[in-house]
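Colleague: Take this structure first; my questions come after.
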Amino acid sequence: MNFIKKIFEGKIGEDVHLQFQKFSKGEFRDKALVKARRTGGKYTITTTPEFANEMVRNVAEKLGERKTNVTGAIVSTSDLTGKIDFKEKKQFQEVKRYLIDKEMSGREIINLLDEFPKTFFALSFKSEDSELKIKPKAPKSAKPGSKGDERPKPDFCKLITTDSELGKSFIFEKPDFKSADLNHTFFIDEIIAPQGEKDFAKIREVAKRKGRILREGEIDGEKIREEKGFSA
C-alpha cells in the first residue's frame, strides 16, 4: 500500500513519517502525481518520485529469493561505500549517486531498503508479473510552490503490472477504473517538535508534520476532489 492510500485510510506509520521529514510549513503543490491506465488485466502506473521506494519494495517482495538484473541508482547524502555493491559513484555537492548494474534477489533489495530507509532507491527491474522503471537520478527537493511554477510530469517512475491489488491501490476510489490522472497538494500547517529535545538535527528528524492532503483529478472523465487531515 502506498503512502497516499495509507493516509486516506488512517494507517500512518514510520514509513509515512519519512515521506514528510524534509518538509517545512507551507503549501506544496503538484506532489505525488499519478497517471494510471488499465487495459484488460494490465495496469500501467506512472508517477512522480514520491512513490519510488514503495514501488521498489512492492516489486522486490514479488521477486522474493529469486534473482534478476537490477539497474539504476541509489541516492544518498551518506557515504555508503563498503555498505553497498555499486558499479560507479558520482557526486554533486553533498548528494552521492551510486550506480547499480548487477544481479540481485528481492530479499537483498528489501534488506537495503530496511537498512537505509532515508535513502532514495531509483532502481529498475522485473518480477514475474511486474516491471519497474525509475529514472536513475535524485528527486528534486521539497519546496513550497507558487501558481506560476511549471507542473511536473508523472514520468519519473513507471510500473507495469498484472497484479490487480497493486494496480488498484493507486486509484482506490474506483477499482474498475480505465484511466486516471491525479494530483496532490500537501498543506503542512504545523510542525510538532518532541518535548525536551535540544538537538536541532534530532528535532527535525523526529518532529511530526500535521496538515492536510488535497487529492484531485479525474478518473474515467469524472472529476474527484477529496481532502484528508494527517499527522505523520
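The values are calculated or read from the model by the stated rules, or taken from the named source; none is laboratory data. Owing to the predicted nature of the structure, the values given are computational and were not obtained by experimental measurement. Note that each Cβ is placed from the backbone with ideal geometry, even for glycine, and that neighbours are counted across all protein chains shown.
Colleague: In the list 73, 52, which residue meets the criterion of being crowded, with 22+ Cβ neighbours inside 10 Å, modelled with pLDDT of 95 or more and over 20 Å from residue 169 (Cβ atoms)?
Modeller: 73
Colleague: While we're looking at this one, here's another question. Would you check which residues across the range 45-62 are of a type outside the set (A, V, I, L, M, F, W, C) and either in contact with a Gly (Cβ under 8 Å, 6 or more places away or on another chain) or under 15 Å from residue 116 (Cα atoms) (or both) and list them?
Modeller: Residues satisfying the conditions are 53, 54, 57, 61, 62.
Colleague: While we're on this one: Working carefully through the options 4, 100, find the one that is buried (at least 18 other Cβ atoms within 10 Å of the Cβ) and touching a His at 6+ places or on another chain (Cβ under 9 Å).
Modeller: 4 is the lone residue from the list that is buried (at least 18 other Cβ atoms within 10 Å of the Cβ) and touching a His at 6+ places or on another chain (Cβ under 9 Å).
Colleague: Restrict the check to the range 90-108 and report whether at least one residue is at positive phi and at pLDDT 95 or above.
Modeller: There is no residue in the range 90-108 that is at positive phi and at pLDDT 95 or above.
Residues are listed down the side, and each one gets a yes or a no for (1) in a strand (DSSP E or B); (2) assigned by TED's automatic domain parsing to the domain that holds residue 42; (3) of a type in the set (A, V, I, L, M):
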{"residue": "131", "(1), (2), (3)": "yes, no, no"}
{"residue": "151", "(1), (2), (3)": "no, yes, no"}
{"residue": "165", "(1), (2), (3)": "no, yes, no"}
{"residue": "170", "(1), (2), (3)": "no, yes, no"}
{"residue": "189", "(1), (2), (3)": "yes, yes, no"}
{"residue": "201", "(1), (2), (3)": "no, yes, yes"}
{"residue": "218", "(1), (2), (3)": "yes, yes, no"}
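Colleague: Output yes when any residue across the range 75-91 is hydrophobic (A, V, I, L, M, F, W, C), assigned to a loop (DSSP other than H, G, I, E, B) and either within 20 Å of residue 136 (Cα to Cα) or touching a residue at least 60 places away in the same chain (Cβ under 8 Å) (or both), and no when none is.
Modeller: Yes, the range 75-91 has at least one match.
Colleague: In the list 34, 16, which residue meets the criterion of being of a type in the set (Val, Ile, Thr) and within 14 Å of residue 167 (Cα to Cα)?
Modeller: 34
Colleague: Continuing with this model, one more query. Would you mind finding the one in 223, 210 that is part of a strand (DSSP E or B), closer than 17 Å to residue 14 by Cβ, without any contact (Cβ under 8 Å) to a residue 24 or more places away in the chain and assigned by TED's automatic domain parsing to the domain that holds residue 21?
Modeller: 210
Colleague: Looking at 140, 223, 174 in this structure, which one is closer than 30 Å to residue 71 by Cβ and either charged (D, E, K, R) or buried (at least 16 other Cβ atoms within 10 Å of the Cβ) (or both)?
Modeller: Of the residues listed, the single one that is closer than 30 Å to residue 71 by Cβ and either charged (D, E, K, R) or buried (at least 16 other Cβ atoms within 10 Å of the Cβ) (or both) is 140.
Colleague: Pick from the range 11-32 the residues that are farther than 11 Å from residue 186 by Cβ and of a type in the set (Asp, Glu): which of them is nearest to the chain's Cα centre (by Cα)?
Modeller: Here the residue is 15.
Colleague: Related question: Could you check residue 101 against (1) in the same structural domain as residue 72 (by TED's automatic domain parsing); (2) outside any loop (DSSP other than H, G, I, E, B); (3) within 17 Å of the chain's Cα centre (by Cα) and say which number it fails?
Modeller: (3)
Colleague: Please verify whether residue 123 is part of a helix (DSSP H, G or I), closer than 14 Å to residue 61 by Cβ, at pLDDT 95 or above and of a type in the set (A, V, I, L, M, F, W, C), treating the condition exactly as stated.
Modeller: Here the answer is no, as residue 123 does not meet what is asked.
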